[in-house]
Amino acid sequence: MTENYFAYKDDILMAEDVALDALAEQFGTPLYVYSKAAFTDHLGQYIKTCKQYETANLRPLVCYSVKSNSNIAILNLLAKQGAGFDIVSGGELARVAAAGGDPHKVIYSGVGKTPAEIRLSLEHDILCFNVESLSELRRINQIAGKMGRKARISFRVNPDVDAKTHPYISTGLKKNKFGIPFEEVLPTYSVAASLEHIEVVGIDCHIGSQLLDDAPLLEALDKILNLVNQLEEKGIRLSHIDIGGGIGIRYEDEQPVAIPDYLSRVFAKIGEWQASHCPDRQMTVMFEPGRSISGNAGILLGRLQYLKTNSGKHFAVVDAGMNDLMRPSLYEAYHGVKPVIKRNVPAQAYEIVGPICESGDWLARDRELAVEEGDLLAFMSAGAYGMSMASNYNTRGRPAEVLVDGQEVHLIRRRETPEDIFALETLVP
Ligand SMILES: *Cc1c(COP(=O)(O)O)cnc(C)c1O
């Protein structure tokens, strides 16, 4: 059970031991506020449970998904706690390096790796490329050859299981762009095994995000283990199995599987499989969690600018918009909304919208709130895919980010200014 690091104390919403209204005063709004203890607790649940199941021949590695929240202070915090990293771009590799992360614990996922990104990854000698197509494999082989190196690779397999989540965040069905189609996996590995500058080391999958039930993940794992056996028969020996991320969090009233329960089922399966297939060989089990670590470790604070009524519909206009928190407009995602200071005024149902010139610019719909103009609102569960998806649309500087640690507050990203935003632009003479 995850503790709530953002709770009321005497009618004031806090981040750990710091009142959120004080943070808004000091740093302005919109503002992302993170709880250090929440990050540490969530990653700790992965790491501690993995430790329980670790044996001499079964090694775990937790690779935090950088794209869910990529601030270098966060990456640094997680690296110190032992995390590896799952990256999806050269930019994220640069972040991991700047944060002091270990490149030998970095795996690189994604369907569109460019030559420059592949070269950078080989220079950093990352742990593994999670390869998504034969063309990508050939490109990696060629670049590694030119650099006089061997690239460690795993194929991202599309296990064709239904993650039963939102279509935009479901990635493991046949019709998705991700991974190698299930029936092509064996021949694809044979090609890889024949290439001179490729070292085949693993297999991976990632079937979707915000999964509340682990049954689809365990079904995918069964299919993967089956493939590992078939590859072994063809003389291709793998040393790691990576079953991706995807564990969901509570946004509203969801009941996601507990991380230790999920991990114990994974290790039970893999342990049993290993005992009967390769008891004497070292295997690494890898995970790529993002949202389950960062999602409930952060909130977005916004200040209510105006209350207005159009044709009987009540709108609450805040200074945070879809450019700051894109999930509602992109996925129709739900974020809890809480007043930072509880008030004794009549409650009313509002659509909470931002200042952006788009009808899709809404953050929450039909929420009963007792608020007045000038009040602060907290958009809950915004630690994952919040700031990392934020943009400068409407020339709005992205929010500042602060990390709270007990009573201490650290500014980990200052607010962007308009000058920051157009600094890279040039007038034509
Ligand atoms: C986004 C992503 C993850 C993380 O997913 P969560 O649902 O945030 O845990 C892991 N692996 C890959 C390949 C991804 O693209």
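Projection of the Cα convex hull of segment 284-365, averaged over all directions and equal to a quarter of that hull's surface, yields 7.2 nm².
Taking every Cα-Cα distance in segment 1-160 and sorting them into 5 Å bins starting at zero, the pair-distance distribution P(r) comes out as 2, 8, 15, 15, 15, 13, 12, 8, 6, 4, 2, 1, 0 percent.
For segment 37-290, the antiparallel share of DSSP beta bridges with both residues in that region comes to about 5%. Across segment 37-290, the mean sequence separation of Cα contacts (distance under 8 Å, 6 or more residues apart), normalised by length, yields a relative contact order of 21 percent. Positive-end ranking of 395, 337, 350 along the dipole of the chain, with charges on Cβ about the Cα centre, is headed by 395. Rg then Dmax, both in Å and based on the Cα atoms of segment 233-294: 14.8, 48.
If you average 1/r over all unlike Cα pairs in segment 270-429 and invert the result, what Kirkwood radius do you get in angstrom? Could you put the intermediate results ahead of the total?
Details: mean 1/r = 0.0544 Å⁻¹.
Value: 18.4 Å, from the Cα pair sum.
Neighbour counts of other Cβ atoms within 10 Å put 111, 428, 62 in the fewest-to-most order 428, 111, 62. Its residue count N sets the reference 2.2 N^0.38 Å, and the alpha-carbon radius of gyration of segment 34-128 equals 1.10 times that reference.
For segment 4-85, state the semi-axes of the equivalent ellipsoid (square roots of 5 times the eigenvalues of the alpha-carbon gyration tensor), sorted largest first and rounded to whole angstrom. Intermediate results must be reported in sequence, preceding the final value.
Working: eigenvalues 205, 46, 12 Å².
Equivalent ellipsoid semi-axes, largest first: 32, 15, 8 Å.
With bins 5 Å wide beginning at 0, the percent of Cα pairs of segment 37-290 falling in each bin runs 1, 6, 14, 18, 21, 18, 13, 6, 2, 0, 0. Cα-Cα over 20 Å: which of 9/338; 36/67; 313/342? From the list (9/338; 36/67; 313/342), the Cα-Cα distance tops 20 Å for 313/342. By DSSP, the beta bridges lying fully in the chain are antiparallel in about 45 percent of cases.
Note: relative contact order over segment 316-429, using C-alpha pairs below 8 Å and six or more positions apart, is 27 percent.
Based on the reciprocal of the average 1/r between different C-alpha atoms, the Kirkwood radius for the chain equals 22.8 Å. Since only 182, 137, 285 are under comparison, the one whose Cα sits farthest along the positive direction of the charge dipole of segment 37-290, derived from C-beta charges on Lys, Arg, Asp and Glu, is 137. In debye to the nearest 20, how big a dipole does segment 37-290 give about its Cα centre with +1 on each Lys and Arg Cβ and -1 on each Asp and Glu Cβ? That gives segment 37-290 a dipole magnitude of about 740 debye.
No lab work stands behind these numbers, since they all come straight from the coordinates. From a predicted model like this one, the values you see are computed outputs, not experimental measurements. Note: ideal-geometry Cβ built from the backbone for every residue, glycine included; neighbour counts use all protein chains shown.
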